[in-house]
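Worksheet for the structure shown next.
Since every read-out is calculated from the coordinates, none of them should be taken as a lab result. Owing to the predicted nature of the structure, the values given are computational and were not obtained by experimental measurement. Ideal geometry is used to build each Cβ from the backbone, glycine not excepted, and the neighbour counts take in all protein chains shown.
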Amino acid sequence: MIEWQPTVPHTRVERQRTRWGRFRISKPALTFEQQLRLLEDRGLIVHDESLALTCLTNINYYRLRGYWLTIQKPDDSFKKDSTFEDIWAIYKLDHDLRLWLWKTISPIEIKLRTQFAYWTSLYGDPFSYLDKRLYAQQPQYEHSITRFHKERT
């Protein structure tokens, strides 16, 4: 039998088999305060504990983890002088960039959908979207139409 290994580096877990034969990760639940202590125990400097707890409470430890992986060593400790505020700044930059990008492309997406619906209905019929000859990629069409029919029922 091949021994199961976690797919995420730095993760130490006990394995449990589900009734479907898959493994799931089993870790003890930690309060937000315990999560913050764990980060501090690993060498993360926290200047503003209130900010850190608010972030853990509202955003989630694992969502934030993606932003600190670059400053974390393979043994789970943090590189020297790493701060929670640095992680928060990176998160905020990413968040603000995503909002700006969506705000920028949203009108373009709406315009494209409007034009597609307009021209398809004007030069076709109300059911033109069902005509597979109008689609360049048949496998994607088949997948989309199957999902469409499932959602209707």
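Structure summary
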read-out: Spin-label model distance (nm) - residue 54 vs residue 147, 7 Å beyond Cα toward Cβ; value: 3.7 nm
read-out: Within the range 77-153: Cβ-based charge dipole about Cα centre, in debye rounded to nearest 20 (Lys, Arg +1; Asp, Glu -1); value: 200 debye
read-out: In sequence order, calculated HN-Hα J values of the range 49-63 (Karplus, 6.51, -1.76, 1.60; Hz; x Gly/Pro); value: 4, 4, 4, 4, 5, 4, 5, 4, 5, 9, 10, 3, 3, 6, 5
read-out: Shape of the range 46-153, Cα gyration tensor, a/c cut at 1.5; value: prolate
read-out: Sorted peptide list for 115-125, 41-51, criterion being average Cβ within 10 angstrom, highest first; value: 41-51, 115-125
read-out: Residue 61/residue 83 FRET efficiency (R0 25 Å; Cβ-Cβ; nearest 0.05); value: 0.90
read-out: Cut-off 19 Å, label 7 Å out along Cα→Cβ of residue 45, residues of the range 56-99 by amide N; value: 68-73, 77-91
read-out: From phi via Karplus (6.51, -1.76, 1.60), per-residue ³J(HN,Hα) for the range 123-132 in Hz, x at Gly/Pro; value: 9, x, 9, x, 10, 4, 4, 8, 7, 5
read-out: Integer Hz, Karplus 6.51/-1.76/1.60 couplings in order for the range 105-117, x for Gly and Pro; value: 8, 4, x, 5, 4, 4, 4, 4, 5, 4, 5, 4, 5
read-out: In the range 74-121, trypsin sites (Lys or Arg not before Pro) in a DSSP loop with at most 12 other beta-carbon atoms within 10 Å; value: 79, 80
read-out: Normalised alpha carbon radius of gyration of the range 59-113 [divisor 2.2 N^0.38 Å]; value: 1.58
